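Everything below concerns the one structure shown next.
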Amino acid sequence: MTEERRIEFTGTGFQALGWGLLAVLLSLFVIPAAWGAVALYRWFVRNLSFSDGTKASFEGRGGQVWGYFVIVMLLGFVPLLSRAVEDPVASRLVSIGLPILLLPISAAIWLRIMRWFFSSIRLSCGTNLNFKGNYGPCLGWMLLVNLSVYTIIGWAWASVAMLRWVCRNIEAGQNQLEFVGNGWGLLWRCFLAGLASILIIPIPWVWRWVVRWVTGNMLIKQETA
């Protein structure tokens, strides 16, 4: 017999605006980026509501991973080097090619951040989380997602597939996390959220809506006697 529990995200748009702005502001200074991310993660995790009443908290600290976030921020600036290339075609190739060439480094950094993130979550039921995903699959999924962006719509299915891989590789005692959403569901929601974001003001609310859909499609399954 399988027992299922659902997850719901209860954070508000105003909260998303405040914590999101803090994270963005600190990331502009590069060094404090990890502390901005930790504040955002704490808000996110404490607003996860489990159908069985379990509570969650995030105990990670910026000092544990600040170096990784510095590297992530610096890698984000690399595509800007294409502006130094005068030829438009060459500039385009540089802006596309550099991020892909740097993916092996990005995958290694994000894998460490994911392991730190899940191991820093504390559940009131006493279950500890660990991420057991390996580097090779992580690099492969990140490469697929990056390349699928150029198909216009394929990124949604690639992102959902990667999310399922992440969920399968989360160790949570006797529990198994599963994502049951699909590519169409992610695609049309992100499309509408992108259109609404043109107006700027609705950004926290529409992307909170997308996050609620993602978390709402996560099931915790446990085999019971």
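The values are calculated or read from the model by the stated rules, or taken from the named source; none is laboratory data. Remember, predicted model here, so these are calculated numbers, not experimental data. Quick reminder, even Gly has a Cβ in these numbers, built from the backbone with ideal geometry, and neighbours come from all protein chains shown. Surface accessibility is based on the protein's heavy atoms, side chains included, excluding ligands, DNA and RNA. Shrake-Rupley method; radii C 1.70, N 1.55, O 1.52, S 1.80 Å.
Data table
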item: Length-normalised contact order for region 144-225 - Cα pairs under 8 Å, 6+ apart - percent; result: 30 percent
item: Length-normalised contact order of the chain in % [C-alpha pairs under 8 Å, at least 6 apart]; result: 25 percent
item: Answer label, with Cα Rg over 2.2 N^0.38 Å calculated from the coordinates and candidates (1) 1.07; (2) 1.00; (3) 1.15; result: (1)
item: Cα convex hull of region 55-131, projected area averaged across orientations, nm²; result: 6.3 nm²
item: Cβ-based charge dipole, the chain, positive-most Cα from ASN128, ILE71, PHE179; result: ASN128
item: Amide H contacts of CYS125 (H built 1.01 Å from N, under 5 Å, at least 5 apart or other chain); result: LYS55
item: Only Lys, Arg (+1) and Asp, Glu (-1) charged, at Cβ; the chain dipole about Cα centre in debye; result: 260 debye
item: Theoretical FRET efficiency, 1/(1+(r/R0)^6), r = Cβ-Cβ of LEU102 and LEU17, R0 35 Å, to 0.05; result: 0.65
item: Rounded accessible area per residue of the chain, 1.4 Å, Å²; result: 56 Å²
item: Leading residue at positive end of dipole, the chain (Cβ point charges), from SER119, ASN169, LEU103; result: SER119
item: Charge-dipole axis of the chain as Lys and Arg at +1 and Asp and Glu at -1 on Cβ define it, positive-most pick from THR54, TRP207, THR151; result: THR54
item: Alpha carbon convex hull of region 146-225, volume per residue in cubic angstrom; result: 99 Å³
item: Where labels lie 7 Å past Cα in the beta-carbon direction, separation of SER197 and ARG212 in nm; result: 1.9 nm
item: Rh (Kirkwood; distinct C-alpha pairs) - region 1-115, Å; result: 16.7 Å
item: Between helix 135-148 and the chain: long-axis angle, C-alpha atoms, 0 to 90°, nearest 10; result: 60 degrees
item: Extension gain from PHE29 to ASN182, taking 0.36 nm per residue of separation minus the Cα-Cα distance; result: 51.4 nm
item: Surface share of carbon and sulfur [accessible, 1.4 angstrom probe, percent] for region 100-225; result: 67 percent
